Amino acid sequence: MTIYAVTYRYSDDVATRDRVRPEHREYLRGLAERGHLLLSGPYGPDEPAGALLIFRGADKAEVGALVEKDPFTVNNVIVSSEIVEWDPVLGPLRAGIS
């Protein structure tokens, strides 16, 4: 399985983001339990609104399909996303994602 880094950029609609967040996190929790999602989290408060997610998948299309089903995507909280193949080679977290 290949590792993919996914970046999300959020819309300015904070009310919708706050309303959908529990469903979004539950969806991501399910992906993590099934081994698809390795890490995820929002950017810090002084950064543009968005998040970084690290997935494990067979290919970019599989990860893209998972992103498309994210409640944040379905509810237009995500205004853009990028999926790139990522090859982690150093660091203490590497053992947990290989």
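The values are calculated or read from the model by the stated rules, or taken from the named source; none is laboratory data. Keep in mind the model is a prediction, meaning the values are calculated, not measured. Neighbour counts are summed over all protein chains in view; Cβ atoms, including those assigned to glycine, are modelled from backbone coordinates with ideal geometry. For accessibility, only protein heavy atoms count, side chains too; no ligands or nucleic acids. Shrake-Rupley method; radii C 1.70, N 1.55, O 1.52, S 1.80 Å.
Before moving on, here are some points about what is shown:
- Across the range 51-83, the number of residues qualifying as over 17 Å from V20 (Cβ atoms), open to solvent by less than 60 Å² (accessible area, probe 1.4 Å) and among the hydrophobic types (A, V, I, L, M, F, W, C) comes to 5.
- Of all residues in the range 40-58, those satisfying the criterion of being touching a Phe, Trp or Tyr at 6+ places or on another chain (Cβ under 9 Å) and touching a residue at least 40 places away in the same chain (Cβ under 8 Å) are A49, G50, A51, L52, L53, I54, F55, R56, G57.
- Identity of the residue in the range 1-23, touching a Pro at 6+ places or on another chain (Cβ under 8 Å) and either farther than 15 Å from V79 by Cα or at pLDDT below 95 (or both), that ends up most open to solvent (accessible area, probe 1.4 Å): E23
- Test: residue in the range 18-39 that is closer than 14 Å to S81 by Cβ and hydroxyl-bearing (S, T, Y): no
- Single residue of V74, V67 found to be free of Cβ contacts under 8 Å to residues at least 24 places away in the same chain and among the β-branched types (V, I, T): V74
- Qualifying residue in the range 33-50 (condition: open to solvent by 50 Å² or more (accessible area, probe 1.4 Å), among the acidic types (D, E) and either under 15 Å from T73 (Cβ atoms) or in contact with a Cys (Cβ under 9 Å, 6 or more places away or on another chain) (or both)): no
- Hits in the range 1-40 (condition: in contact with a strand residue (DSSP E or B) (Cβ under 8 Å, 6 or more places away or on another chain) and over 20 Å from G64 (Cβ atoms)): R17
- Inclusion of G30 among residues that are free of Cβ contacts under 8 Å to residues at least 24 places away in the same chain, on the phi < 0 side of the Ramachandran plot, part of a helix (DSSP H, G or I) and surrounded by 13 or more Cβ atoms within 10 Å (Cβ to Cβ) is not warranted.
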